[in-house]
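Participant: Provided herewith is a single structure, encoded as structure tokens, for subsequent inquiry.
The values are calculated or read from the model by the stated rules, or taken from the named source; none is laboratory data. Bear in mind the structure is a predicted one, so any value in this text is a computation, not a measurement. Backbone-built Cβ (ideal geometry, glycine too); neighbour counts: all protein chains shown.
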Amino acid sequence: MSHSDFTPNLATATPRVDEEQNHLNLNDGTRIPQFGLGVYKTPADETAEIVRYAAKAGYKMVDTAAFYGNEEGVGDALQDFPDLYTSTKLWASDLGYDAALRAFDISARKLRRDVVDLYLIHWPMPKTDLFVESWKAMIHLKNEGRIRSIGVCNFQPEHLTRLIEETGVKPVLNQIELHPAFQQKELRAFNESLDIRTEAWSPLGRGTGLDGEIITSIAHKHGKTPGQVTIRWHLDQGNVVIPKSAHQKRIDENFDVFDFTLDAEDMARIATLDRADGRTGPNPYTADFS
Ligand SMILES: NC(=O)c1ccc[n+]([C@@H]2O[C@H](COP(=O)([O-])OP(=O)(O)OC[C@H]3O[C@@H](n4cnc5c(N)ncnc54)[C@H](OP(=O)(O)O)[C@@H]3O)[C@@H](O)[C@H]2O)c1
């Protein structure tokens, strides 16, 4: 994407005071906005303006990662919007106790945050068997007051169980691939049974599948777009949701979801879109980024 695709114009971002935007309680006593902006693949040199635009439009959260290479841009935007709830992630090659401490320092410096709201293990990488040691480092950082909440991404039940059995500390949330074509009902239920929130990554299925008959007809019925229906589907189920867009029009579109809800028939129709082979990203059991 070229820089010219995004024309920052803060004057046109409509500031919206949106009382309907939920915050969800987390199991450590803190709260998280239910809706935010993802910035995976957002170009580093455009990130600051894009995040500023979203914050001005009313977004209350941004989700980045060391791996995305754009934490500095998020940090620039945070200078102007210090209340924006921010999550970042420990990359696979930085797993391990000491490596995790070092990686966190670098992320916090790039974000220019003394305290990071939410720090997540990006992938369990079971083959390296370092996720429990990394978790202990994150518990240490939380106890030191440098991280407000700690969580994980892409963890399967056995990974969650081990973390909890070996440290006694639960992640506040598990960020997993989740969209209408890959609904993760069992893992969502497992998270819920442990009071761990589910956060959906690739909530729009990376934009694929939005033109299917079921989503488009529900969109038509509500006078909304397929993207908005999909985001509403997440919100109505209690998922934390972080759609990514690097374009003003879609940043606005994705936020304009707080004035309608889906009914039981809509939900039942979307439930039929779930597919066993609907995953678009790596399989957490076998993903190897070393
Ligand atoms: N923990 C993990 O392992 C993990 C993995 C992947 C992602 N994530 C996080 O989750 C966030 C969201 O996931 P994602 O970026 O993979 O995918 P996504 O949010 O499902 O989809 C983003 C794609 O859809 C397009 N799009 C955005 N809004 C749209 C709309 N209303 N209608 C049609 N197309 C639309 C975007 O294009 P434009 O940008 O051109 O608008 C982009 O190509 C990431 O940014 C990242 O923060 C985490």
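Participant: Do we have Asp83 as outside any helix (DSSP H, G or I), out of contact with any strand residue (DSSP E or B) (no Cβ under 7 Å at 6 or more places or on another chain) and at pLDDT 95 or above here?
Facilitator: On the way: outside any helix (DSSP H, G or I): yes; out of contact with any strand residue (DSSP E or B) (no Cβ under 7 Å at 6 or more places or on another chain): yes; at pLDDT 95 or above: yes.
When the stated conditions are applied, Asp83 passes them.
Participant: On to the next question. Every residue in segment 205-217 that is at negative phi, touching a residue at least 40 places away in the same chain (Cβ under 8 Å) and within 14 Å of the ligand (Cβ to nearest atom), please.
Facilitator: Thr208, Gly212, Ile215
Participant: Further question on the same structure: Quick one: in segment 24-63, which of the residues that are basic (Lys, Arg) and part of a loop (DSSP other than H, G, I, E, B) is farthest from Leu194 (Cα to Cα)? Step through it out loud before you land on a result.
Facilitator: Within segment 24-63, the subset basic (Lys, Arg) is 31, 41, 52, 56, 60.
So of that shortlist, the ones also part of a loop (DSSP other than H, G, I, E, B) come out as 41, 60.
On the way: Lys41: 32, Lys60: 26 Å.
Looking at the filtered set, the residue picked out is Lys41.
Participant: Determine whether Lys185 is within 19 Å of the chain's Cα centre (by Cα), farther than 14 Å from Ile121 by Cα and surrounded by fewer than 21 Cβ atoms within 10 Å (Cβ to Cβ).
Facilitator: yes
Participant: Something else about it: Can you confirm whether Gln228 is touching a Leu at 6+ places or on another chain (Cβ under 6 Å), modelled with pLDDT of 95 or more and farther than 18 Å from Tyr40 by Cα? Give the steps one after another, and end with the answer.
Facilitator: On the way: touching a Leu at 6+ places or on another chain (Cβ under 6 Å): no; modelled with pLDDT of 95 or more: yes; farther than 18 Å from Tyr40 by Cα: yes.
So Gln228 fails the test.
Participant: I'd like to know if segment 143-166 contains one or more residues that are among the polar types (S, T, N, Q) and free of Cβ contacts under 8 Å to residues at least 40 places away in the same chain.
Facilitator: Step one: of segment 143-166, the residues among the polar types (S, T, N, Q) are 143, 149, 154, 156, 161.
Right, trim to free of Cβ contacts under 8 Å to residues at least 40 places away in the same chain and you get 143, 161.
Yes, segment 143-166 contains a residue that is among the polar types (S, T, N, Q) and free of Cβ contacts under 8 Å to residues at least 40 places away in the same chain.
Participant: Which one is nearest to Gly58 (Cα to Cα) among residues in segment 93-104 that are among the small types (Gly, Ala, Ser) and crowded, with 22+ Cβ neighbours inside 10 Å?
Facilitator: Pass one, segment 93-104, residues among the small types (Gly, Ala, Ser): 93, 96, 99-100, 103.
Subsequent filtering for residues that are crowded, with 22+ Cβ neighbours inside 10 Å retains 100, 103.
Numbers: Ala100: 32, Ala103: 30 Å.
Here the answer is Ala103.
Participant: Looking at segment 219-234, which of the residues that are under 24 Å from Arg188 (Cα atoms) and not basic (Lys, Arg) is farthest from the ligand (Cβ to nearest atom)? Outline the logic, then answer.
Facilitator: Initial filter on segment 219-234 (under 24 Å from Arg188 (Cα atoms)): 226-234.
Within this subset, residues satisfying the condition of being not basic (Lys, Arg) are 226-231, 233-234.
Details: Pro226: 7, Gly227: 3, Gln228: 7, Val229: 10, Thr230: 8, Ile231: 8, Trp233: 12, His234: 10 Å.
The qualifying residue farthest from the ligand (Cβ to nearest atom) is Trp233.
Participant: In segment 158-199, which residues are basic (Lys, Arg) and either part of a helix (DSSP H, G or I) or touching a strand residue (DSSP E or B) at 6+ places or on another chain (Cβ under 7 Å) (or both)?
Facilitator: Our first condition is that a residue be basic (Lys, Arg); within segment 158-199, this holds for 162, 170, 185, 188, 197.
The answer is Arg162, Lys185, Arg188, Arg197.
Participant: Let me ask something additional. Mind checking which pairs have a first residue in segment 241-268 that is under 16 Å from Gly205 (Cα atoms) and modelled with pLDDT of 95 or more and a second that is surrounded by fewer than 18 Cβ atoms within 10 Å (Cβ to Cβ) and of a type outside the set (A, V, I, L, M, F, W, C), Cβ under 6 Å, 6 or more apart or different chains?
Facilitator: Matching pairs, first to second residue: Lys244/Tyr40.
Participant: Now for a different question. Does segment 220-230 contain any residue that is surrounded by fewer than 20 Cβ atoms within 10 Å (Cβ to Cβ) and among the hydroxyl-bearing types (Ser, Thr, Tyr)?
Facilitator: Looking for residues that are surrounded by fewer than 20 Cβ atoms within 10 Å (Cβ to Cβ) and among the hydroxyl-bearing types (Ser, Thr, Tyr), one finds at least one in segment 220-230, hence yes.
Participant: On to the next question. So is Glu71 buried (at least 16 other Cβ atoms within 10 Å of the Cβ), at pLDDT 95 or above and out of contact with any Lys or Arg (no Cβ under 9 Å at 6 or more places or on another chain) or not? Full working, then the answer.
Facilitator: Details: buried (at least 16 other Cβ atoms within 10 Å of the Cβ): yes; at pLDDT 95 or above: yes; out of contact with any Lys or Arg (no Cβ under 9 Å at 6 or more places or on another chain): no.
Against the criterion (buried (at least 16 other Cβ atoms within 10 Å of the Cβ), at pLDDT 95 or above and out of contact with any Lys or Arg (no Cβ under 9 Å at 6 or more places or on another chain)), Glu71 does not qualify.
Participant: Within the bounds of segment 118-129, is there any residue that is acidic (Asp, Glu), modelled with pLDDT of 95 or more and touching a strand residue (DSSP E or B) at 6+ places or on another chain (Cβ under 9 Å)? Steps first, answer last, please.
Facilitator: Taking segment 118-129 first, the residues acidic (Asp, Glu) are 129.
Next, only the ones that are modelled with pLDDT of 95 or more stay: 129.
Restricting the remaining residues to those that are touching a strand residue (DSSP E or B) at 6+ places or on another chain (Cβ under 9 Å) gives none.
Scanning segment 118-129 turns up no residue that is acidic (Asp, Glu), modelled with pLDDT of 95 or more and touching a strand residue (DSSP E or B) at 6+ places or on another chain (Cβ under 9 Å).
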